[in-house]
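> First, the structure itself, so that you have it in front of you.
The values are calculated or read from the model by the stated rules, or taken from the named source; none is laboratory data. All values derive from a computational prediction rather than experimental measurement. As a convention, Cβ positions derive from the backbone with ideal geometry for all residues, glycine included, and neighbour counts pool all protein chains shown. Areas reflect the complete protein model, heavy atoms only, side chains present, ligands, DNA and RNA absent. Shrake-Rupley method; radii C 1.70, N 1.55, O 1.52, S 1.80 Å.
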Amino acid sequence: MEYVLKNLGFVCALGANHEDIIKNASKGNASGMFSADILVGGEKVPFGHAPVEKTHNDRFHDLVDAALNQIKADINLLKETYDVNRLGIIVGSSNTAVHEAQKHIESALKQNIEIDKDVLRELELGSVSEYIREKTGFMGPAFTVSTACSSSLKVFQSARQLIETGICDAMLVGGVDGQCDFALNGFNALGALSKNHTNPMSKNRDGINLGEGAALFIMEKGCCGIKLLGIGESSDAYHLTSPDPSGTGAIASMTAALKDAHLDAKDIDFINMHGTGTIANDAMESIAINNVFGDGVLCASTKPLTGHTLGAAGAISMGLSWLMLKHQFIIPHVYDGEFADDCAKIKLANVGDNKNINRILCNAFAFGGSNASLIMGK
């Protein structure tokens, strides 16, 4: 059975529509990452703000709406084609509306007033799926996957299973995460935030830039369009926050994705790396990629362009890969050009690289060793 990712609603630091995202991504233009600074420990830290029109009282739902509005016609067509009880929703997220809830709770406590229970409900991870259900009218299964940074890559496995088992006819699937001081300060406490532009695979790399965004796909059975070819997952449980330096878990997820897609390593044209810019992750991922693919496949981390969007990272990576396949362009790897001595040899994409791209592998590696790899193709 074949599965098609028919359309994409997409907003991130690169833009709020396909045209702007393609234009900026193809040039490696990271200016959207620096439209605002947030103070952390007295220092200004870049934080990627997606350009969306404000329609609600919290940014998280603005991001969701911005993505949904782009695929409104597709959503309506699905409701005309299928029973709404067989249209499902699965999204990945880490923070839901934590930022807004945190501010409300702080304010309520200072003023000694009752905390709004509706605001508290937004803290529930399932709240984003319920919100999308209300906005779309899809009445099938609706839930949120939250496995940290692999959340919105893992949702595609769950969505495929719901269609495969005959529970659903089509799915709205993807991920969303918004600005969140709680997460920002948490990563700062771990010493994981870069004081500059994130610099993945560089010997000078020093951490991540956080970002925000939403990427929502329409997924159905079919053979025409951008296809979901294979998915691989693994759980190495090496450490709470550090990846297994040998790359065992990443190797397992990439190998499983190739097997699921009935492909060999030579069949992959581009790898959209997890590529966080942290010391441990980059070394591990380069070792894993070199182990499975050697050093001949074009690779890039897109996080210097979008920031690390946490629970939305997998879907953001998928969205950029979907656009690459549909419009045939290559996203360059943006870094300072000084390749790290502790990273295994891999081939990084440059601005102006020109190659026919037919199949892309996306990686997402999370805290706790929760790993996912997904292959999509024309």
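> In a shell of Cβ-Cβ distance under 9 Å around ALA97, excluding ALA97 itself, what net charge do Lys and Arg (+1) and Asp and Glu (-1) give? Let's see the in-between values first.
Details: positive: ARG59; negative: ASP58, GLU100, GLU122.
Result for the neighbourhood of ALA97: -2.
> Among the complete DSSP H segments of the chain, which ones combine at least 15 Å of alpha-carbon extent along their axis with a mean Kyte-Doolittle hydropathy of 0.5 or more? Each step should come with its number before you reach the end.
On the way: long enough: 59-70 (17 Å, -0.29); 98-111 (19 Å, -0.92); 151-164 (20 Å, -0.03); 248-261 (20 Å, 0.66); 279-293 (21 Å, 0.63); 313-327 (21 Å, 0.86).
Helices meeting the criterion: 248-261, 279-293, 313-327.
> Something else: Cα-based Rg of region 288-378 per 2.2 N^0.38 Å, rounded to two decimals?
Numbers: Rg = 13.2 Å, N = 91, 2.2 N^0.38 = 12.2 Å.
That ratio works out to 1.08.
> Please compute, over every Cα-Cα pair in region 128-260, the percentage with a separation greater than 28 angstrom.
It works out to 31 percent of all Cα pairs.
> Which of the pairs LYS154/LYS326; LYS227/LYS378; LYS227/LYS259 have their Cα atoms more than 18 Å apart in this structure?
LYS154/LYS326
> Would you mind getting the accessible area per residue of the chain, heavy atoms of the protein chains only, 1.4 Å probe, in Å²?
Details: 14730 Å² over 378 residues.
Per-residue value: 39 Å².
> Can you tell me the convex hull volume per residue for the chain, based on C-alpha atoms, in Å³ to the nearest whole number? Walk me through the numbers on the way to the answer.
Numbers: hull volume 47.7 nm³, N = 378.
So the per-residue hull volume is 126 Å³.
> Another question, if that's okay. Excluding SER194 itself, calculate the net charge of residues whose Cβ lies under 9 Å from the Cβ of SER194, where each Lys or Arg counts +1 and each Asp or Glu counts -1. Don't skip to the answer; put the middle values down first.
Details: positive: LYS195, ARG205; negative: ASP206.
Around SER194, the surrounding residues sum to +1.
> Further, regarding this structure: Please report the relative contact order for region 213-281, taking Cα pairs under 8 Å with a sequence separation of at least 6, and give it as a percent rounded to a whole number. Can you show the working numbers first?
Numbers: 45 pairs, mean separation 23.5, N = 69.
In percent, rounded to a whole number, it is 34.
> Moving to a separate point now. What is the chain's relative contact order, in percent, from Cα pairs under 8 angstrom and six or more apart in sequence? The partial results should precede the final answer.
On the way: 992 pairs, mean separation 89.5, N = 378.
That works out to 24 percent.
> Among the aspartates and glutamates, select those whose C-alpha is under 15 Å from the C-alpha of LYS117, and discard any that sit fewer than 8 residues away in the same chain.
Once the sequence-local aspartates and glutamates are set aside, what remains near LYS117 is GLU100, GLU106.
> If you don't mind, there's one more thing I want to ask. What ranking do 188-194, 244-250 get when scored by the average of other Cβ atoms within 10 Å per residue, highest first? Could the numbers behind the result be given before it?
Working: 188-194: 17.1, 244-250: 20.9.
Put in order of decreasing packing, that is 244-250, 188-194.
> Round to a whole number: what % of the accessible area of the chain belongs to carbon and sulfur, probe 1.4 Å? Spell out each step's value before the answer.
Values: 7310 of 14730 Å².
So the carbon and sulfur contribution to the accessible surface is 50 percent.
> Here's another thing I want to ask about it. Above 26 Å lies some portion of the pair distances; for region 188-329, what is it as a whole percent of all C-alpha pairs?
25 percent
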